[in-house]
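Scroll down for the structure; my scribbles are underneath it.
The values are calculated or read from the model by the stated rules, or taken from the named source; none is laboratory data. All values reported here derive from a predicted model rather than from experimental measurement. With ideal geometry, Cβ positions are generated from the backbone for all residues, glycine too; neighbour counts draw on all protein chains shown. Heavy atoms of the whole protein, side chains included, go into the accessibility calculation; ligands, DNA and RNA do not. Shrake-Rupley method; radii C 1.70, N 1.55, O 1.52, S 1.80 Å.
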Amino acid sequence: MATHTKPVLHGYFRSSCSWRVRIAFALKGIEYDQVPVNLIKDGGQQLTEEYKKLNPMQQVPAVEVDGIRLSQSLAVIQYIDETRPGPRLLPADPVKRAQVRMISDLIASGIQPLQNLYVLQKMGAEKVQWAQHFIVRGFEALEPMLKQTAGKYCVGDEISMADVCLVPQVYNAERFKVDVDAYPTIKMLNQTLVELEAFKVTHPSRQPDTPVDLRA
């Protein structure tokens, strides 16, 4: 049984995986503490032996909650959805729930890992073109998928884990100069979501570890 202690999020302001968890906490009304893990400073604070105990993959986020340690953002989101009150992030309807997981997995497994910091550092001078290629490839699949499932949000008219995944990925696409206008459904959904308070307060420009020059 969950003890409902205050979670601790170890993350990085611009990490899309960390942002997903922040959004989910905000949507569920969960108070939490943040411990910044700078992915660049000191050669990458996530690579220390101390942090490796929290997340053996040496990535962010890592979450301490209810006496356990969790990594992988979708696992964290699903855990808090199942143990905390508030709006459901996975629908009760099995078809919609499958659609939410499909969209979330496409983003979290099919797009984001190919343009995260660790991969891009291996690509050297070609990192921008690499990131653009895989974001575009993913968006080409995601756009028709969302045309079939979207209402006001990614799946129907209730916010879900799919929306939690979409916004950080669009943010990354814009950072890498991908033409989001080419994907009208993705653009429309993102424009709706970024106006919601849970997405505003969790934005990378408004975090405790956001550099001064990047603050909103």
- Message: Of all residues being under 19 Å from Q78 (Cα atoms) and under 17 Å from the mean Cα position of the chain (by Cα) in the stretch 30-44, which is least open to solvent (accessible area, probe 1.4 Å)? Just the residue, please.
- Response: I30
- Would you pick out the residues in the stretch 38-55 that are among the polar types (S, T, N, Q) and not in a helix (DSSP H, G or I)? N38, T48, N55
- Among (1) free of Cβ contacts under 8 Å to residues at least 60 places away in the same chain; (2) under 17 Å from the mean Cα position of the chain (by Cα); (3) in a helix (DSSP H, G or I), the one test that V60 misses: (3)
- Item | Selection from the stretch 144-177 of residues that are in contact (Cβ under 8 Å) with a residue 40 or more places away in the chain and over 24 Å from A198 (Cβ atoms) | F176, K177
- Item | M188 open to solvent by 60 Å² or more (accessible area, probe 1.4 Å), at pLDDT 95 or above, farther than 19 Å from V60 by Cα and not charged (D, E, K, R) | yes
- Item | Answer from D163, D209 - the residue that is of a type in the set (D, E), closer than 20 Å to L39 by Cβ, surrounded by 14 or more Cβ atoms within 10 Å (Cβ to Cβ) and at pLDDT 95 or above | D209
- Cβ pairs under 8 Å, 6+ apart or interchain, first in the stretch 100-114 and modelled with pLDDT of 95 or more, second surrounded by 17 or more Cβ atoms within 10 Å (Cβ to Cβ) and of a type in the set (F, W, Y), ordered by first then second residue, are I111/F134; I111/F139
- Message: I need the full set of residues from the stretch 91-118 which are open to solvent by less than 60 Å² (accessible area, probe 1.4 Å) and touching a Pro at 6+ places or on another chain (Cβ under 7 Å), in order please.
- Response: V100
